[in-house]
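Working notes, beginning with the structure itself.
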Amino acid sequence: MSVIASLASFVAGAKASALPAAERDRQRLHLTDTVVAALAGAHIPEGKALARLGVDGSLAGRIGRQAAAIRLTEIDDIHLPSCTTPSAGVVPVALALAAHENKFEPETLAGAIWAGTEVAARIGMAVSGPQILYRGIWPSYLAAPVAAAATAARMMGLDATRCGQALSLAFMLMAGGVGRIHGAPSGRWFLYGNAVAAGVAAAEAARADYRGDPEILEKNWLADTHGIALDRAQLIPLPGPKSIYAELSMKPFCSAKQGIAAVEAFRAILASPVRLDAIAKVRVRVPRAYAGMIAARAEPGARQSTLVSVAHQIALAALRPEQLYDVDRSAAKPDTDVSQLAAKVEVIADAELDAFYPQHWPAEVEVEAEGKVLRHRVVEARGDPNNPLGGADINDKAHRVLDPLLGAASVRNWLSVCQDALIDNAGCQRLATAWRDPDGGI
């Protein structure tokens, strides 16, 4: 059986009900977390700018823009070993198609979300996502068409043969490479949204009996066309009822994942306690792979830079902790105190920490204050598989992120809708209908 045929067989038959109860619970939690990100993204200027691009009115295009609005928030989930963010490009496909196709069975919806999530992570692992990211190849963007096609094919009820055609077409739509895009609205989200839309379109084409090349991965196609080595064994789902959900990380606040362990370590040192005005220097040690990335300084008016800069995030954690939950940040005014503390932060590439990467994205922080050096290392940050966020944590995150945008009452209503989803037909229909309704905020 070819690699694509094996993947297609899994996608067509994925039954989330066969998963252990703990993994089904995690899936529902990740669904809620993704809806929170979708609501946040839709209510900030950069997400609204994406929505205004929807002149074609196509379903695939609308789904792609929803996915991009989730991804741009930097509060969506991530699979560290693959360096992919699966739910952003999968959940909107499943929910939009559930409403469009009137398919509200929990088995179908949960199976489609699982299939797409699994495919995204497996592609990322197969191409060594954490390594190729720093070559200018964005693993989530690379995997997006195929993960979206898998989700859509499962929602459309395609058999394994047509699933294989959809997946092969989607593989041929993969791009992955991105340049250094600056400014807002960022072209990154335009690209990502189109990649997701392309995957949905591939499934639509397969349903209409368009054919691809299901044998394409049996050759050296990806290396020849993209310069990317492919470990085919990573693409073949393991036998038995086991999913990738136990390996997914959630973000406790809005940030590039590479900086979260450092913020957590700095907070632990502050609690020792340390007076902020006594801090002379902060050193952040991280694996060499991403030291240069998070060492970038925040730029006024460039929201993405404030999410990537670990110096800025550390300063916010110390001085303006609620701003860690501000998904927008485009209207933030210059803050002298934050800038002065951020200027004391130095990022150091530490080869010793490379041993943890990419299974973990650690940081060790040193704070010089009052003639002493205080150190704290975090390997498993809050939200990582061995330090997971629970339902109460996600609810708290939802209110911190969304209350300023929607109001507390609306947030409570959305959390209630999410809690009932994937349980029965009525719960699935309620969420899918709310997702489709423009007055619902998505």
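The values are calculated or read from the model by the stated rules, or taken from the named source; none is laboratory data. This structure is a prediction, so every number in the text was calculated from the model and none was measured. Here the Cβ is made from the backbone with ideal geometry for all residues, glycine too, and neighbour counts use every protein chain on show. Heads up: the accessible areas ignore ligands, DNA and RNA and are worked out on the full protein's heavy atoms, side chains in. Shrake-Rupley method; radii C 1.70, N 1.55, O 1.52, S 1.80 Å.
Assorted remarks:
- Among the residues of the range 165-180, those identified as over 14 Å from residue 197 (Cα atoms) and buried (at least 20 other Cβ atoms within 10 Å of the Cβ) are 165, 168, 176.
- Residue in the range 245-257 that is over 30 Å from residue 364 (Cα atoms), of a type in the set (A, V, I, L, M, F, W, C), in a helix (DSSP H, G or I) and open to solvent by 40 Å² or more (accessible area, probe 1.4 Å) present: no
- Selection status of residue 25, modelled with pLDDT of 95 or more and surrounded by fewer than 20 Cβ atoms within 10 Å (Cβ to Cβ): yes
- Some residue of the range 349-362 being part of a loop (DSSP other than H, G, I, E, B), out of contact with any helix residue (DSSP H, G or I) (no Cβ under 6 Å at 6 or more places or on another chain) and of a type in the set (D, E, K, R): yes
- Under the condition of being surrounded by 14 or more Cβ atoms within 10 Å (Cβ to Cβ) and not in a strand (DSSP E or B), the residues counted in the range 269-284 number 3.
- Among residues of the range 205-232 being free of Cβ contacts under 8 Å to residues at least 24 places away in the same chain and among the aliphatic types (A, V, I, L, M), the one that is surrounded by the most Cβ atoms within 10 Å (Cβ to Cβ) is 223.
- Failed condition for residue 53, given (1) in contact (Cβ under 8 Å) with a residue 40 or more places away in the chain; (2) open to solvent by 60 Å² or more (accessible area, probe 1.4 Å); (3) part of a helix (DSSP H, G or I): (3)
- When residues of the range 332-357 are limited to those that are surrounded by 20 or more Cβ atoms within 10 Å (Cβ to Cβ) and of a type outside the set (Gly, Ala, Ser), the one farthest from residue 184 (Cα to Cα): 353
Listed here are the residues, each with its yes/no results for (1) touching a residue at least 12 places away in the same chain (Cβ under 8 Å); (2) touching an Asp or Glu at 6+ places or on another chain (Cβ under 8 Å); (3) under 19 Å from residue 330 (Cα atoms).
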position: 2; (1), (2), (3): yes, yes, no
position: 9; (1), (2), (3): yes, no, no
position: 16; (1), (2), (3): yes, yes, no
position: 19; (1), (2), (3): yes, no, no
position: 23; (1), (2), (3): yes, no, no
position: 30; (1), (2), (3): yes, yes, no
position: 37; (1), (2), (3): yes, yes, yes
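- Selection within the range 129-157: residues that are more than 17 Å from the chain's Cα centre (by Cα) and in a loop (DSSP other than H, G, I, E, B). The member of this set that is surrounded by the most Cβ atoms within 10 Å (Cβ to Cβ) is 157.
- In the range 233-244, the residue that is modelled with the lowest pLDDT out of those that are under 18 Å from residue 143 (Cβ atoms) and surrounded by 12 or more Cβ atoms within 10 Å (Cβ to Cβ) is 237.
- For the range 85-115, a residue qualifies if it is of a type outside the set (A, V, I, L, M), under 22 Å from residue 385 (Cα atoms) and in a helix (DSSP H, G or I), and the qualifying residues are 86, 87, 89, 111, 114.
- Test: residue in the range 73-84 that is open to solvent by less than 30 Å² (accessible area, probe 1.4 Å) and assigned to a helix (DSSP H, G or I): no
- Sub-8 Å Cβ pairs linking a first residue in the range 285-302 that is within 20 Å of residue 266 (Cβ to Cβ) to a second residue that is hydrophobic (A, V, I, L, M, F, W, C) and part of a loop (DSSP other than H, G, I, E, B), at least 6 apart or interchain, are 286/361; 287/361; 290/361; 293/256; 294/256, ordered by first then second residue.
- Screening residue 109 with (1) under 18 Å from the mean Cα position of the chain (by Cα); (2) buried (at least 24 other Cβ atoms within 10 Å of the Cβ) gives one miss only, at (1).
- So residue 326, is it at pLDDT below 95 and closer than 25 Å to residue 302 by Cβ: no
- Among the residues of the range 44-77, those identified as over 19 Å from residue 329 (Cα atoms) and of a type in the set (S, T, N, Q) are 58, 66.
- Given (1) open to solvent by less than 10 Å² (accessible area, probe 1.4 Å); (2) farther than 17 Å from residue 246 by Cα; (3) of a type outside the set (Gly, Ala, Ser), number of the condition residue 19 does not satisfy: (2)
- Residue-level check: of (1) in contact with a Gly (Cβ under 8 Å, 6 or more places away or on another chain); (2) closer than 23 Å to residue 72 by Cβ; (3) open to solvent by 10 Å² or more (accessible area, probe 1.4 Å), residue 191 misses just (1).
- Matching residues, the range 381-425, being outside any loop (DSSP other than H, G, I, E, B), open to solvent by 70 Å² or more (accessible area, probe 1.4 Å) and either touching a residue at least 40 places away in the same chain (Cβ under 8 Å) or of a type outside the set (Lys, Arg) (or both): 392, 396, 400, 404, 413, 419, 425
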